[in-house]
Structures are given as C-alpha cells and as structure tokens.
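Data block below; observations after.
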Amino acid sequence: MNKNELVTAVVGKSGLSKADATKAVDSVFDCIADELKSGGDVRLVGFGTFNVTKRAASMGRNPRTGEAIQIKASNQPKFKAGKGLKDAVN
C-alpha cells in the first residue's frame with residue numbers, strides 16, 4: 001500500500017473528503033517526524049513505537065575498490081510493532 005492507497009482507505013473508513021484525508025495523513029506523518037527530530041518518541045498503544053537510535057561512526061569498505069572509508073555517525077528512525085498490531089497480523 002502506498003500513500004495514495006492509504007488516503008483512499010482513510011476516505012472509505014472515515015467518510016472524509018479526499019482532500020481532508022490527505023491533510024490528515026500528511027499531518028500524522030509530519031507530527032511523527034517532528035517528534036523524532038526533537039529527540040522524542042511516539043508511542044501508539046496497541047500499534048507500536050517510533051523512536052530514534054544513535055548509530056556510531058564506523059569504518060567500511062567501498063565494494064568496488066576495496067578502499068576503506070569512514071561512515072559518519074547518524075540517527076536512525078526505528079519502529080517496534082506493539083502487541084495489538086502483532087496479534088492482528090498473526
């Protein structure tokens with residue numbers, strides 16, 4: 001399912017117009033991203049948790065040349081599914 005299909009599903013379940021559903025979906029994504037950027041996490045009980053983990057700098061290899069390269073430290077977004085979502089899938 002892509003974003004447009006998600007918007008269409010929200011329209012079908014909520015009765016919102018397509019424009020309103022698009023704004024709602026975009027707003028949810030923006031709120032999650034903003035909270036992660038500020039260093040927080042987002043817990044949706046029964047669905048899952050979004051958080052950020054810090055990834056340390058490391059040495060890697062260029063697969064073409066075999067040359068050693070430095071990989072910068074970075075922040076990585078993570079999602080851990082909650083019990084409700086796991087139960088719904090299984």
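Straight Cα distances below 16 angstrom link LYS23 to the lysines LYS3, LYS13, with same-chain residues fewer than 8 positions distant left out. Computed from label points 7 Å out along Cα-Cβ, the spacing between ASN62 and VAL25 is 4.1 nm. Computed as a quarter of the hull surface, the mean projected area of the alpha carbon convex hull for the stretch 3-89 stands at 8.7 nm². Computed from point charges on the beta carbon alone (+1 for Lys and Arg, -1 for Asp and Glu), the dipole magnitude for the chain about its Cα centre is near 360 Debye. Across the chain, C-alpha contacts under 8 Å between residues 6 or more apart give a mean separation that, scaled by the residue count, equals a relative contact order of 21 percent.
Taking the chain as a Gaussian network of alpha-carbon nodes connected by springs under 10 Å, the highest mean-square fluctuation of the residues ARG64, ARG55, ARG43 belongs to ARG64.
3J(HN,Hα) along the stretch 20-35: 5, 5, 4, 4, 5, 5, 4, 5, 4, 4, 5, 5, 5, 5, 4, 5 Hz, from the Karplus curve 6.51 cos²θ - 1.76 cosθ + 1.60 with θ = phi - 60°, whole Hz, x for Gly and Pro.
Here, each number is a calculation from the coordinates, and none is a lab measurement. Nothing here was measured: the structure is a model prediction, and the numbers come from that model. Quick reminder, even Gly has a Cβ in these numbers, built from the backbone with ideal geometry, and neighbours come from all protein chains shown.
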